[in-house]
Amino acid sequence: MENNLPVNIREYQELAKKALSKMHYDYINGGAEDEHTLRDNIAAYGRILLRPRVLVDVSNIDMSTSLLGYNMPSPIIVAPTGSHKVATPEGEVATAKAAASCNSLMVLSFSSNCRIEEVASSCNAIRFYQLFVFKKRDVSSTLVRRAESNGFKAIVLTVDTPVFGRREADIRNKMVASPKPNLEGLISIDDLNTTGGSQIEKYARDTLDPSLSWKEVEWLKSITSLPILLKGIVTAEDARKAVEAGVAGVIVSNHGGRQLDYAPATISVLEEVY
């Protein structure tokens, strides 16, 4: 078995395809509509060429950096993704422990299959909390208070999802919404059944606020003392507005190609935003 361990991302992807149901694999692996942006997120890296310099001492390589003052051995963090129990029984607790073992920073998704408190107590690590803005503001504010009281160090506000991206694979597979224990007692959806679509899309349509705007940044600043990062910035104009709004930073992201198809690849806009 050890001789057959995966050595790159593609090989892990093939193992996942064998281990997961088609519905869950397509959910994790897929993007919005034609999946042009999803493919271009990968292809764009192939268009970036390196200019290698030689005869430079590389016997001591230091990739360490810091984010909001927290030191990390490399500039790699775990981005917020939900529903980890579709892949492992431990769900986000397993992810948190893995991130902690690498001294990496994890951003816990609002749609985690594990409770905020459960992840916080699972291991000692620096963690941020991802927030969506719900139609019922008290839902979002309750999640912020719970994250803050459980030692999370920043709020990552996802700003590119006023409505849910059209993920055709999920529609085709009639994707079933997994349990969201952090929202128990806060949100009640009477009927998640659809006439043939994705339950996750219906859940988002019924709960997320499509009127999301810059005023929500001011509202969020008024209810927490934690630093705020905006996730989903892909233009210089919005980056400047984020700075003017007084946030601690931005995360350049097109949501992994899962929101607006034919948006530019994330790596291709990094220079513009910077």
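For the chain, the convex hull spanned by the alpha carbon atoms encloses 162 Å³ per residue. Measuring between alpha carbons in the structure, the pairs from Lys22/Lys215; Lys136/Lys221; Lys135/Lys221; Lys136/Lys241; Lys85/Lys135 lying more than 28 angstrom apart are Lys22/Lys215. If you find the alpha carbon centre of region 1-78 and of region 133-191, how far apart are they in angstrom? Each part reduced to its Cα centre gives a spacing of 26 Å. Taken about its Cα centre, the chain carries a charge dipole of roughly 200 debye when the Cβ of each Lys and Arg holds +1 and the Cβ of each Asp and Glu holds -1.
Other residues with beta-carbon under 15 Å from the beta-carbon of Gly69 carry, at +1 per Lys or Arg and -1 per Asp or Glu, a net charge of +2. In region 1-106, taking the dipole from charged Cβ atoms about the Cα centre, the farthest positive-side position among Ser64, Pro52, Met106 is held by Pro52.
Within the shell of other residues whose beta carbon sits under 12 angstrom from the beta carbon of Val252, the net charge comes to -3, with Lys and Arg scored +1 and Asp and Glu -1. At an R0 of 22 angstrom, the distance between the Cβ atoms of Ser101 and Trp214 translates into a FRET efficiency of 0.05. Just Arg115, Arg240, Arg205 to compare: in a GNM of the chain, with alpha carbon springs under 10 Å, which one fluctuates most? The residue that fluctuates most here is Arg240. Please give the net charge around Asp209, taking every other residue with its beta carbon less than 12 angstrom from that of Asp209, where Lys and Arg add +1 and Asp and Glu add -1. So the surrounding residues net to +3.
Values in this text are rule-based calculations from the coordinates and carry no lab data. This structure is a prediction, so every number in the text was calculated from the model and none was measured. Methodologically, a virtual Cβ is constructed for each residue, glycine included, from the backbone with ideal geometry; neighbour enumeration extends over all protein chains shown.
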